[in-house]
1. Just need the relative contact order of the chain here, percent rounded to a whole number, with Cα pairs under 8 Å and 6+ apart.
2. Normalised by the residues of segment 284-427, what does the relative contact order come to in percent, with Cα pairs under 8 Å and at least six apart?
3. Please report the antiparallel percentage of DSSP beta bridges with both residues in the chain, rounded to the nearest 5.
4. Restricting things to alpha carbons, tell me how big segment 617-700 is in terms of Rg and Dmax, in Å.
5. Based on Cβ point charges of +1 for Lys and Arg and -1 for Asp and Glu, what charge dipole magnitude is obtained for the chain about its Cα centre, in debye rounded to the nearest 20?
6. Contact order normalised by length for segment 602-664, with contacts defined as Cα pairs under 8 Å and 6 or more residues apart; what percent is it?
7. Going by average Cβ neighbours within 10 Å, how do the peptides 222-229, 737-744 rank, with the highest at the top?
8. At 7 Å along the Cα-to-beta-carbon direction for both ASP460 and ASP411, put a label point, then send me their distance in nm to one decimal.
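Derivation of every value follows stated rules applied to the coordinates shown; laboratory data play no part. Here the structure is a predicted model, which is why all the values come from computation and not from measurement. Cβ atoms come from the backbone with ideal geometry, glycine included; neighbour counts cover every protein chain shown.
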Amino acid sequence: MHDKDLKKIISTLSTKEKVGQLIQLTGNFFDSSDDVIETGPMKRIGFHEGAYDLRNTGSLLNVVNPEKIYAIQKKYLETTTHNIPLLFMADVIYGYKTIFPIPLAQSGSWNFSLIEESARIIAKECYEAGIHVTFSPMVDIVRDPRWGRVMESPGEDTLLAEKYAKSMVKGIQGTDKKIPKEHIAACVKHFAAYGAPQSGLEYGAVELSYDSLQNYYLPSYKAAIDADVKLVMTAFNTLNGVPATGNKWLNKEVLRKEYDYNGVLISDYAAIEELRVHGCTETDKDSARMAFESSVDIDMKTSVYANYLPELAESNTAIMELLDEAVLRILNLKNDLGLFEDPYRGLRDSTKDSSILSDEHKQASQKLAEESVVLLKNDDVLPLESELNIAVIGPYAEEKSALGFWAITGDPKDTITLKSGMESLSDEFSWKVDVAKGANILEKEEIAKYGKYTESMYVDERSKEALLDEAIQLAKRSDKVVLALGESVYQSGEGGSRTEPTLPKEQIKLLKEIKKAGKPIILVIYAGRPLILNDIQDEVDAILYAWYPGTMGGYALANILSGKANPSGKLSMTFPRSVGQIPLFYNNYSSGRPKNENDPNHRFTSRYLDEETSALYPFGYGLSYTNFKYTGLSLDKDEFNNDEEIVASVKIKNTGHREGKEVVQLYIHDIAASVVRPVKELKDFKKVTLKPGEEKEVSFIIKKDLLTYRTQENGWQAEKGAFDVFVGSSSRDEKNKKRFYLID
Ligand code: BGC
């Protein structure tokens, strides 16, 4: 259909029918076996008597079962008069049934073609299930591991987040305006800056300077928009005092005008109603107006638009015009998905067998997991040798609920546990693998505060002492211990803020007791955030950070532990030494009084009296089973002008005995600018594979774009002067450094 056909449809709609297109409800309004659309908790969410007819609804949220989607769509189309199909949207963040590692882990692979492939698979499984839109990618920049949703983000760095945004949108949607078969629409979120709540407290206020917002927090959303993402979701937070969901500057000036975005803007869950709770409006009617006038098209899961927009539009022609524009955007989306031609898109593609959880999909998930896991420490205990008695101890040894908080469509039953992974290699490596739980993930007394999730949190009823004793005995009779610890999946994700992001107490006790058995300990950590590891890192011989590695996690980890796969993940988020350092991130602004390494106790410098200022494990850090030596950083010239470029080259050699992959990272520091620039910023990277003894030259092109930042007065500028470039294996690696100049 063309625009004019869609406009014709709109001209036949009543105001209430138009507003209906803007309403998104959950499936329980529509789903009962006898009567698919006349049931549901209408009163509970506050629809005024007679104000709303469910048959006008435009989209549904989180109905993910294909049979239900089919039944609801069918009944809906039989009942409505306007024949506009429903849109089905869902949170399929990192997998429908084949679950991939959590996004914070994925970005640590620094392998964006694998990430794009994961997104293609996610879309394909959704397509076959009848889902039209996924609320992914989430590209909020995060610097505070107290916040539970860091797991869902690509991390603290803007360049990685931009690349993640582009790869995800391309993988999910494909590249045509009309979304092809086996792809669905993507929705970038949460616009904007949701990842910076004060004190890491969920739904907290966000206060950001112009420089931080423009240069670090906004570009990842913009990258998704440049990749033609079909939807944008607002954020729950206030941004410098104004809630994002009713923020005219953000949504109209920045999003619609400056970014030239003409797709659908959807509110986050109930965020329009929350404008009143924030204290920005007095009534729901004011909230309807505020959100709508800031160009929010879809009201997710409240009755505010339904109750008030019809009267607002009918009494104000400007609002009626905006309503027509909003409906057109939504119909355009339905049209781009081909729903007018086939409202059952994907559901009746019976020509092929389902690809859901196919071997191909599972292998892709495993590959990404193998590249996402980060080796933080290794005192010569990994990879594991052959012919060992291995004790796999800890609550994650056999835990299937290890997919992370947002794998809501995944089934833990499909998870390959660490135990199964290790056992799958026991013949090949002549391992004897035994397992003991040692402790619960969280103890009974701790789980009450997890609300509706408490019921899903399995607790082994054996006494703490019995669990511990069994594990100690096993450790004593084994050669090496693989200790699988971690936070509960319910401790991160939405509503998962923590003030002390450490391993749970009982698990730390388990670690300390196992240590007494005197066997080498390889700690495998499952978590949705960087945990504070300062107190335990010296107690163990190796640390493998697994994050939540997805459906195939057990095989991926076993391959790494055995050396069949060589770790190549690098942190996409800083690991602080202590909570007091948070927020700690690599691209901080320089201080006028930096710590003086030659006089470390100088009182009046930027430092803590009781802790280092540096990270425990910095951004970009991660070990391999081989070693890489960087030498001879050179620039083909040391000054250039706006139209020229500099080629920076470095030699990198695999000096170990195994093939390995290394992420070669390029950072730049603007020495003097009109606004103080960060101590360094990641500007490019390459992931290279090197055989033992092999040396390669890796080159990067430095152009003006890499030096540009957004100034408040003059917009995007590359300011003349001196710059330092660093090429190395992490944000802390400064051995290879050169200076160059941008001149007239
Ligand atoms: C979350 C969004 C999510 C939405 C729909 C909200 O609570 O913030 O990320 O897409 O719910 O489930």
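1. 13 percent
2. Relative contact order of segment 284-427: 12 percent.
3. Just about 55 percent of them are antiparallel.
4. In order Rg, Dmax, the Cα atoms of segment 617-700 give 15.2, 48 Å.
5. With only Lys, Arg, Asp and Glu charged at Cβ, the dipole is about 760 debye.
6. Relative CO of segment 602-664 lands at 33 percent.
7. Output ranking for 222-229, 737-744: 222-229, 737-744.
8. Placing both labels 7 Å beyond Cα along the Cβ direction yields 2.6 nm.
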